[in-house]
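Engineer: Before I ask anything, let me first share the structure, which is written out below as structure tokens.
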Amino acid sequence: MSTQVFIFGALNGVGIGMIYFILSIGLTMIFGLMQFVNFAHGAFYMVSAYAAFAIAQWTGSVLPALLISPLLAAIFALVSERVLLQRTYNLPHEAQILITFALAILAQETVTMIFGTLGKNVPVPEMFNGVVILGGFVYPSYRLFVVAVAVVVAVVMWLAIERTRLGAMLRAAAENAEMVGLLGFDSRKIFMGAFAFGGALAGLAGALAAPLRGVEPLMGREALAIAFVVVILGGLGSFSGALLAALLIGITQSLMSMIWPGGAHLMIYGVMTMILAFRPTGLMGRS
Amino acid sequence: MTNASPRFPNGTTVAIGAILVALPWVLPSLTLASEILVVATGALSCTLLLGSVGLLSFGQGLYFGLGAYVSAILIRDFGMNASVAALAASVAGCLLAAAAGLLIVRRQGVYFVMLTLAFAQMGFFLALAFPKLTAGENGLGNVPRTTIAFGKFALSSPGLLYAFLALLCFAAFAIVQRIIASPFGSVLNSIRHNDNRSEALGYDVRRFKFAAVTIAGGIAALAGAMNTLMLSFVPLSAVDVETSERLLIASLIGGVGSPLGALVGATVLGAMSDFLSPVWPRWSMIVALLLIVVVLFLRDGLLGLGSVMGRHRKEAPNG
């Protein structure tokens with residue numbers, strides 16, 4: 001394999017990894033904030049990808065979906081939180097997992113009812129339909145766009161969490177929610193905000209991924225498993241861990257798909273197993 | 001979920017036997033009754049983990065799939081009979097669960113749950129990546145109808161097939177009941193209640209969890225072998241995450257407080273599927289709503305319907 005092919009594979013992998021990172025932030029943040037395990041996180045991603053599909057059908061371009069889909073996913077997450085999930089905050093983790101799992105089934109079945117069981121393609125936006133010539137190589141410009149958007153979002157997220165007052169509050173609440181409550185912040189609003197924000201990010205990941213992989217009802221389940229691998233390796237509640245893990249499995253998947261296409265997804269889990277065998281507590285060493 | 005240690009054999013054993021005998025007479029088809037046995041046995045592995053040790057597994061489909069493929073290959077390519085194939089599949093399930101268990105039980109609480117799901121997903125992609133072994137999306141076909149043992153009792157008659165599956169199913173339930181009633185079972189129960197305290201009492205909690213995961217893997221693999229005997233075919237769906245989910249849902253809906261719950265849950269789910277799916281393909285929505293109701297209001301599942309009236313329990317969260 002020539003170096004250039006390798007570099008392009010790695011670039012693709014960064015794009016996929018960034019989508020995985022954006023997908024996983026909400027999961028890890030909601031757990032860090034409220035010790036809440038959200039099995040419906042993949043459903044936020046799936047619903048948003050389908051919204052992107054519908055928007056592309058109506059307007060002829062998927063671009064507006066990059067704003068509207070995350071918004072819809074945020075509303076979906078917020079409504080779920082108010083109607084159902086907030087009732088489970090005092091229940092054991094197992095109960096929260098099962099309730100959110102049931103919610104994911106409901107979302108999946110609703111989407112199947114509206115759009116059918118078959119997968120659908122989402123056209124790449126026209127302005128990114130072409131290719132870019134990079135160092136004598138042809139590269140699809142939408143993929144480059146995805147990498148750019150994802151990097152921007154990841155950097156903005158990073159700055160927001162590490163440098164702003166809101167981020168400081170979120171980090172503090174993740175460390176000790178009770179103490180933040182005592183300081184006068186309304187934890188109910190923080191929780192609602194976390195769900196809306198986490199849902200929107202999962203939604204953005206879904207909208208970005210839709211033109212790359214198409215949409216199908218089972219994509220939420222697949223995304224949930226990927227997000228789990230990211231937080232198993234990166235540690236729940238850790239942003240830097242999530243970024244590292246997401247990039248690692250994104251690049252693994254991308255490079256493997258050039259060497260052994262049938263085993264590209266398998267190797268995501270293969271890498272996870274190997275890392276766990278040597279580092280039982282994941283990449284960052286926290287348990 | 002009583003504190004008194006249950007006996008074996010007891011009334012539940014009799015009830016399980018009676019249901020297994022009654023199912024073919026009550027249900028409209030022998031096929032449906034056989035399907036229920038398969039799901040009940042698989043769900044039993046979830047019941048063992050959740051009901052006696054408090055471990056939630058979203059990945060029993062991994063062992064179910066392994067058992068299905070192993071038994072199919074042994075029968076088709078090595079000419080083994082059904083009994084040997086089912087036994088070998090269970091052993092294979094134990095071995096795989098032991099290997100996965102080594103990695104899984106090192107992580108606590110929610111990590112455990114996420115890991116079971118990740119490993120189940122890995123199993124699905126394994127089956128997909130090695131089509132020479134599993135025939136990939138086409139499914140592994142041409143598994144002949146073999147005999148029970150010694151070249152006698154061909155499983156070509158549906159009645160005899162049901163009887164043999166019922167026997168395997170009953171054996172699995174008897175083993176689980178026996179385990180729960182044993183001293184080992186009481187340690188598992190104490191871990192479910194409070195694993196820190198059990199650790200303080202000197203029990204190696206990880207080792208007990210590891211043992212439970214291993215046994216549950218063997219039971220799920222037995223269910224997979226039963227599925228192969230029933231279908232003479234292994235669909236790729238035998239190893240997908242949806243199978244894991246179905247087994248878990250069956251155990252929860254029936255109630256994980258008693259092994260009987262797995263059989264009740266599988267029967268309810270099987271009957272719902274049979275009656276509702278021709279009418280409304282999206283009947284899983286009803287299952288999801290039922291699951292929410294069970295988790296919020298019926299912590300002991302449908303089995304606990306009678307005992308929860310007017311009683312509300314709030315268990316301490318254990319992460």
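The values are calculated or read from the model by the stated rules, or taken from the named source; none is laboratory data. No experiment lies behind these values; they were computed from the predicted model shown. Cβ placement follows ideal geometry from the backbone for every residue including glycine, while neighbour counts extend to all protein chains displayed. Protein only, heavy atoms only, side chains kept; ligands, DNA and RNA dropped before computing areas. Shrake-Rupley method; radii C 1.70, N 1.55, O 1.52, S 1.80 Å.
Engineer: I want to confirm something. Restricting to the stretch A:135-160 and keeping residues that are in contact (Cβ under 8 Å) with a residue 40 or more places away in the chain and outside any helix (DSSP H, G or I), which single residue is nearest to the chain's Cα centre (by Cα)?
Structural biologist: A:Y139
The rows are residues; the columns are (1) in contact with a Ser or Thr (Cβ under 7 Å, 6 or more places away or on another chain); (2) open to solvent by less than 20 Å² (accessible area, probe 1.4 Å).
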| position | (1), (2) |
| --- | --- |
| A:G42 | no, yes |
| A:L66 | no, no |
| A:S69 | yes, yes |
| A:Y89 | no, no |
| A:I99 | yes, yes |
| A:A102 | no, yes |
| A:E109 | yes, yes |
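Engineer: Could you please tell me which pairs satisfy a Cβ distance under 7 Å, a separation of 6+ or placement on different chains, a first residue in the stretch A:161-187 that is touching a residue at least 60 places away in the same chain (Cβ under 8 Å), and a second residue that is open to solvent by 40 Å² or more (accessible area, probe 1.4 Å) and among the charged types (D, E, K, R)?
Structural biologist: Close Cβ pairs (under 7 Å, with a partner that is open to solvent by 40 Å² or more (accessible area, probe 1.4 Å) and among the charged types (D, E, K, R)) amount to A:I161/A:R171.
Engineer: With B:L126, B:L48, B:L96, B:L133 as the choices, which residue is assigned to a helix (DSSP H, G or I) and modelled with pLDDT of 95 or more?
Structural biologist: Within the list B:L126, B:L48, B:L96, B:L133, the selection yields B:L96.
Engineer: What single numbered condition from (1) over 15 Å from A:A209 (Cβ atoms); (2) part of a helix (DSSP H, G or I) fails to hold for A:F39?
Structural biologist: (2)
Engineer: Right, next: With the checklist (1) over 28 Å from B:F112 (Cα atoms); (2) open to solvent by less than 40 Å² (accessible area, probe 1.4 Å); (3) of a type outside the set (A, V, I, L, M, F, W, C) in hand, flag the one item A:G119 doesn't pass.
Structural biologist: (2)
Engineer: Does any residue of the stretch B:50-67 turn out to be farther than 19 Å from B:A174 by Cα, open to solvent by less than 10 Å² (accessible area, probe 1.4 Å), touching a strand residue (DSSP E or B) at 6+ places or on another chain (Cβ under 9 Å) and among the small types (G, A, S)?
Structural biologist: yes
Engineer: Yes or no: the stretch B:147-161 includes at least one residue that is in contact with a Gly (Cβ under 9 Å, 6 or more places away or on another chain) and either buried (at least 19 other Cβ atoms within 10 Å of the Cβ) or over 18 Å from B:N81 (Cβ atoms) (or both).
Structural biologist: no
Engineer: Another question, then. Does A:L91 qualify as being without any contact (Cβ under 8 Å) to a residue 24 or more places away in the chain and touching a helix residue (DSSP H, G or I) at 6+ places or on another chain (Cβ under 7 Å)?
Structural biologist: The answer is no for A:L91.
Engineer: Here is a check on your reading of the model: is B:F153 in contact with a strand residue (DSSP E or B) (Cβ under 7 Å, 6 or more places away or on another chain) and not in a helix (DSSP H, G or I)?
Structural biologist: It is true that B:F153 is in contact with a strand residue (DSSP E or B) (Cβ under 7 Å, 6 or more places away or on another chain) and not in a helix (DSSP H, G or I).
Engineer: Condition test on A:F195, is it open to solvent by less than 10 Å² (accessible area, probe 1.4 Å) and of a type outside the set (V, I, T)?
Structural biologist: yes
Engineer: In addition: Could you tell me which numbered condition A:E94 fails, if it satisfies all but one of (1) within 29 Å of A:M18 (Cβ to Cβ); (2) open to solvent by 10 Å² or more (accessible area, probe 1.4 Å); (3) within 14 Å of chain B (Cβ to nearest Cβ); (4) at pLDDT below 90?
Structural biologist: (1) is the only condition that A:E94 fails.
Engineer: Please count how many residues of the stretch B:83-113 are facing chain A (nearest Cβ under 8 Å), without any contact (Cβ under 8 Å) to a residue 24 or more places away in the chain and of a type outside the set (K, R).
Structural biologist: So the count comes out to 2.
Engineer: Let me ask something additional. Just to check your reading of the model, which residue among B:L66, B:L55 is outside any helix (DSSP H, G or I), within 20 Å of the chain's Cα centre (by Cα) and not aromatic (F, W, Y)?
Structural biologist: One residue alone meets the criteria, B:L55.
Engineer: When you go through (1) open to solvent by less than 10 Å² (accessible area, probe 1.4 Å); (2) within 11 Å of chain B (Cβ to nearest Cβ); (3) among the polar types (S, T, N, Q) one by one for A:T273, which number turns out not to apply?
Structural biologist: All conditions pass for A:T273, except number (1).
Engineer: For B:T134, indicate whether it is surrounded by 16 or more Cβ atoms within 10 Å (Cβ to Cβ) and within 14 Å of chain A (Cβ to nearest Cβ).
Structural biologist: Taking the combined requirement at face value, the residue satisfies it.
Engineer: Restricting the search to the stretch A:61-88, which residues are in contact (Cβ under 8 Å) with a residue 60 or more places away in the chain and either facing chain B (nearest Cβ under 8 Å) or assigned to a loop (DSSP other than H, G, I, E, B) (or both)?
Structural biologist: A:S61, A:V62, A:L63
Engineer: Since B:Q121 meets every condition but one in (1) at the interface with another protein chain (Cβ under 9 Å from one of its Cβ atoms); (2) farther than 30 Å from A:Q96 by Cβ; (3) open to solvent by less than 60 Å² (accessible area, probe 1.4 Å), which condition does it not meet?
Structural biologist: (2)
Engineer: While we're here: Only one of (1) farther than 21 Å from B:L44 by Cβ; (2) open to solvent by less than 50 Å² (accessible area, probe 1.4 Å); (3) out of contact with any Asp or Glu (no Cβ under 7 Å at 6 or more places or on another chain) fails for B:N196. Which number is that?
Structural biologist: (2)
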